[in-house]
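Engineer: One structure coming up, written as structure tokens, with questions to follow.
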Amino acid sequence: MALTRDRVDALRATAREVREDIVRMVHAAACGHPGGPLGMADFMTTLFLEHLDLTPENRHAEDRDRFVLGNGHTCAGYYALLAQKGLLDREQLLTFRKMGSPLQGHPHRNLELGIDFSTGSLGNGLSVAAGMALGAKMSGWSSRIYCASSDGESQEGQIWEAATSAAHWGLSNLTVIVDFNDIQIDGRMRDVMDVRDLRAKYAAFGWHAVEIDGHDVVAIDHALCEAKAETERPSAIVARTTIGKGVSFMEDQSSWHGVAPNDEQLAQALEDLAAAAS
Amino acid sequence: MRRSSGPPPPRVHVLTTQDLAPLATGEVKKVATRQAYGEALLELGSQHQDIVVLDADLSGSTKTGMFAKAHPDRFINCGVAEANMAGTAAGLACTGRKAFMSSFAMFAAGKAWEQLRQSVCVPDLDVKVCASHAGLTVGEDGKSHQMLEDITLMRVLPNMKVLVPADAVEAREAVRVAYETPGPVYVRLSRASTPVVFGEEYRLELGKGALLREGSDVCIAACGVEVAEALGAAEQLAAAGIEARVINLASIDPIDEDLIVDSAQRCGAILTAEEHQIRGGLGDAVAQVVVRRCPVPMDLAGMDGEFGQTGTASQLLAHYGLDAASLAARAEALIQRKGN
Ligand SMILES: Cc1ncc(C[n+]2csc(CCOP(=O)(O)OP(=O)(O)O)c2C)c(N)n1
């Protein structure tokens, strides 16, 4: 079922709030990673609000959907979406990266808050998500397992071990969304170590694989619906994104992978995001 | 303490005052050891054409970027693929090169451990693993990035030499020693800026520790960022009338057995300090010498079987009992256990 005009507008509005939270959180922490999650905000919002069956009520249910953030450094956006879903208070977001906060610099498993897995070391997430999908199948649960990954993370060999096994086990309940922004820490991904055509790679590994505009919520929703309809194969959605999306001076800049905005930059960022809304 | 008649008296490498930067003057310079690594690598790499440098998408953070800029033809960015990087380094070493490979300690030692064992240490190749962002002081990134097990993982490997420099001067020296020492070497580096302890004249020797402060009530043996904390603890103890000897054990494997034996004999108690798990780390390495050659009471400050968490470097050191005040308290308690 296609998204209504109203839903599209609502998702865009939420994605903008998520972006505001991201820059506020990283600014308050004075460290962290703003660029990646800004780029992922549209597909993460669509996934979390339209598809991921995770609520304050079912958070402890074994057969609910699960989510693994393979590219754990992008967790500011993940936490902001958990707040959107009522799993944590929006005020709590500003404790991000502070001593004693459950909102650790990279996600740490905390089912109370709906954080399904600990990540931060790239390459680990997809294997774990595949294990969850395998376990869900063995238990006869209808849960779907979602995993976020990235072009940089796709350089890790373990990703391709996971890709091989998930297809071999026929994990149709598993979907990976790859944040493909052609940026990593040391610069352009294609200059550092080109992973090339990830859609074709996943397809060759036996997955149902599509490539979409990662900022188009309609396309994202459509791809997630298709993934749900798959009965044989795991699904890979390669989402073309722009790192830093929505904040003029961060867009397409590897330098904004992992530094915090200062006071003026925060003000500018919030202004950019507000302008996009009107 | 029973003085055995058999083994020769230990030879102790005593530093001259020139070797020590004027810590007491209050003019303490702070530099990160990773910064010193980057500078040393650039200098050494310009002198020696056989040096190649590999990184895994962290050249800005590990500081190999300086070398990369000067010698792009001898710099290989492997992308986020640390296990592949270790294997590639081994292959390059087989072509007559000395391969320096860098990433965060978590990934260099953790993700690539089996490749380092099979492809680097078993064939005993010239691969120098220079790993930054080790320990708690990586701070806010939290437990996934706080590598607290690398000393253990590396010192357990036959052929691997393990160096944990205390400051920028010693880090520069560690890079030189790594280059000059045949076979695999692991150099543990930090993200945080830490006090410069040594003077420019200081020379690091493989297998040699350094006596930084003399005292006979208790010995604090430290490595890495804990050396400055140990010196701070000794200051605090001195104010309470307790004289602590402070030794720096940058060379963890091989370790300076003579200095440890001498310290045990002189002080009758040893406290070790490391931002690392005590299981298998510096404390364990010292304890192995102590139980075999000079049993005295010991205590081991470090992570005692738990992971870290998000926080600032100084918050974390205090929380896990690794700041100067905690070490001083622990040393005092240890003195109570000394035999008369
Ligand atoms: C195993 C591992 N190696 C290195 C790192 C350090 N690191 C964190 S993010 C990153 C770049 C990853 O690329 P990508 O996810 O595409 O970055 P982004 O688009 O968010 O800038 C690296 C190398 C890590 N977290 N884990």
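Engineer: How large is log10 I(q)/I(0) at q = 0.09, 0.10, 0.14 Å⁻¹ when the Debye formula is applied to the Cα atoms of chain B, each weighted equally and without solvent?
Structural biologist: For chain B at q = 0.09, 0.10, 0.14 Å⁻¹, log10 I(q)/I(0) is -0.44, -0.54, -1.05.
Engineer: If you bin every alpha carbon distance in the stretch B:30-195 into 5 Å steps from zero, what whole percent lands in each bin?
Structural biologist: Result returned by the calculation: 2, 10, 21, 25, 23, 13, 4, 1, 0.
Engineer: At a probe radius of 1.4 Å, what is the per-residue accessible area of A:R19, in Å² to the nearest 10?
Structural biologist: 20
Engineer: Pop a pseudo-label 7 angstrom from the Cα along the beta-carbon direction at both A:T55 and B:E205 and give the gap in nm to one decimal.
Structural biologist: So the two model labels end up 7.2 nm from each other.
Engineer: Hey, what D do you get for the protein assembly as shown in µm²/s if you plug the Kirkwood alpha-carbon radius into Stokes-Einstein at 4 °C and 1.567 mPa s? Provide the component values of the computation, followed by the final result.
Structural biologist: Working: Rh = 25.6 Å.
My calculation gives 51 µm²/s for D.
Engineer: For the stretch B:200-264, state which GluC sites (Glu not before Pro) are in a DSSP loop and have at most 10 other beta carbons lying within 10 Å of their beta carbon.
Structural biologist: Details: sites: B:E200, B:E201, B:E205, B:E214, B:E226, B:E229, B:E235, B:E243, B:E257; in loops: B:E200, B:E201, B:E205, B:E214, B:E243.
When the GluC sites (Glu not before Pro) of the stretch B:200-264 are filtered for loop state and at most 10 Cβ neighbours within 10 Å, B:E200 remain.
Engineer: Sticking with this one: Going through the stretch A:154-247, which GluC sites (Glu not before Pro) have at most 10 other Cβ atoms within 10 Å and a DSSP loop state? Display every interim value, and only then the final one.
Structural biologist: Values: sites: A:E156, A:E161, A:E211, A:E226, A:E230, A:E232; in loops: A:E156, A:E230, A:E232.
In loop regions of the stretch A:154-247 (DSSP not H, G, I, E or B), the sparsely surrounded GluC sites (Glu not before Pro) are A:E232.
Engineer: Compute the Cα gyration tensor for the stretch A:5-277, then decide on rounded, prolate or oblate, letting a ≥ b ≥ c be the square roots of its eigenvalues: rounded whenever a/c is under 1.5, prolate when a/b is larger than b/c in the other cases, and oblate in all that remain.
Structural biologist: Numbers: a/c = 1.56, a/b = 1.29, b/c = 1.20.
Cα axes put the stretch A:5-277 in the prolate bin.
Engineer: State the antiparallel share, in %, of DSSP beta bridges confined to chain B, rounding to the nearest 5.
Structural biologist: Details: 9 of 46 bridges.
Around 20 percent antiparallel, to the nearest 5.
Engineer: Please determine, in degrees from 0 to 90 and to the nearest 10, the orientation of helix B:82-93 with respect to the longest principal axis defined by the Cα atoms of chain B, where the helix direction is its Cα long axis.
Structural biologist: Roughly 80 degrees, rounded to the nearest 10.
Engineer: Let me cross-check A:R90: its accessible surface, 1.4 Å probe, with only protein heavy atoms counted, in Å² to the nearest 10?
Structural biologist: 100
Engineer: Please list, by residue number, every one of the trypsin sites (Lys or Arg not before Pro) in the stretch B:178-263 that is coil in DSSP and has at most 15 other beta-carbon atoms within 10 Å. Please list the in-between numbers first.
Structural biologist: Working: sites: B:R188, B:R191, B:R203, B:K208, B:R213, B:R245; in loops: B:R191, B:R203, B:K208.
Here the trypsin sites (Lys or Arg not before Pro) that fit, given the DSSP loop and packing criteria, are B:R203.
Engineer: Once the whole set of protein chains is in place, how much accessible area is left on B:M298, using a 1.4 Å probe, in Å² to the nearest 10?
Structural biologist: Probe radius 1.4 Å; accessible area of B:M298 about 30 Å².
Engineer: Averaged over A:99-107, how many beta carbons belonging to a partner chain fall within 10 Å of each residue's beta carbon?
Structural biologist: On the way: counts 10, 5, 4, 2, 2, 9, 12, 7, 2.
That works out to 6 on average.
Engineer: Next up: Roughly what angle does helix B:33-47 make with the longest principal axis of chain B, taking Cα atoms, 0 to 90 degrees, to the nearest 10?
Structural biologist: The helix B:33-47 is inclined about 50 degrees to chain B.
Engineer: Nothing charged except the Cβ atoms of Lys and Arg (+1) and of Asp and Glu (-1): what's the magnitude of the dipole of chain B about its Cα centre? Round to the nearest 20 debye.
Structural biologist: Its charge dipole is roughly 520 debye.
Engineer: Follow-up question, since we're still on this one. Any idea what the alpha-carbon Rg over 2.2 N^0.38 Å comes to for the stretch A:139-278? Write down the numbers at each step before the final one.
Structural biologist: Values: Rg = 17.1 Å, N = 140, 2.2 N^0.38 = 14.4 Å.
Ratio of Rg to 2.2 N^0.38 Å for the stretch A:139-278: 1.19.
Engineer: Turning to a different aspect of this structure: Comparing the chain by itself with all protein chains present, which residues of the stretch B:144-179 are at least 30 Å² less accessible (probe 1.4 Å)?
Structural biologist: For the stretch B:144-179, once contacts with the other chains are taken into account, B:S144, B:H145 lose 30 Å² or more.
Engineer: Next question. How big is the antiparallel share of DSSP beta bridges in the stretch A:5-277, given as a percent to the nearest 5?
Structural biologist: Working: 3 of 25 bridges.
Close to 10 percent.
Engineer: Find the centroid of the Cα atoms in the stretch A:216-278 and in the stretch A:117-168, then give the distance between the two in whole Å.
Structural biologist: For the stretch A:216-278 versus the stretch A:117-168, the Cα centre distance is 22 Å.
Engineer: Leaving ligands, DNA and RNA out of it, report the carbon-plus-sulfur percent of the accessible area of chain B at a 1.4 Å probe. List each step's numbers first, then the result.
Structural biologist: On the way: 6260 of 12480 Å².
The C+S portion of the solvent-accessible surface of chain B is 50 percent.
Engineer: May I ask for the accessible area buried between chains B and A, both sides summed, probe 1.4 Å, to the nearest 100 Å²?
Structural biologist: Details: alone 13420 and 11470 Å², together 23020 Å².
Buried: approximately 1900 Å² between A and B.
Engineer: Based solely on its DSSP helices, what 222 nm [θ] is calculated for chain A when runs of n ≥ 4 H residues each add -39,500 (n - 2.57) and the sum is averaged over all residues, nearest 500 deg cm²/dmol? Could the numbers behind the result be given before it?
Structural biologist: Details: 9 runs with 113 residues, N = 278.
The helix-only estimate for chain A comes to -13000 deg cm²/dmol at 222 nm.
Engineer: Can you give the % of DSSP beta bridges in the protein assembly as shown that are antiparallel, to the nearest 5?
Structural biologist: On the way: 12 of 71 bridges.
The antiparallel fraction comes to roughly 15 percent.
Engineer: Calculate, for the protein assembly as shown, the solvent-accessible area per residue in square angstrom, rolling a 1.4 angstrom probe over the heavy atoms of the protein chains. Each step should come with its number before you reach the end.
Structural biologist: Values: 23020 Å² over 618 residues.
That works out to 37 Å² per residue.
Engineer: Could you state the angle between the C-alpha long axis of helix B:226-239 and the longest principal axis of the C-alpha atoms of chain B, as a value from 0 to 90 degrees rounded to the nearest 10?
Structural biologist: Taking the Cα atoms of chain B, the angle to B:226-239 is about 20 degrees.
The values are calculated or read from the model by the stated rules, or taken from the named source; none is laboratory data. Bear in mind that the values here come from a model prediction, so they are computed numbers and not experimental data. FYI the Cβ positions are ideal-geometry reconstructions off the backbone, even for glycines, and counts take in every protein chain you see. Keep in mind that these areas ignore ligands, DNA and RNA; they rest on the heavy atoms of the full protein, side chains included. Shrake-Rupley method; radii C 1.70, N 1.55, O 1.52, S 1.80 Å.
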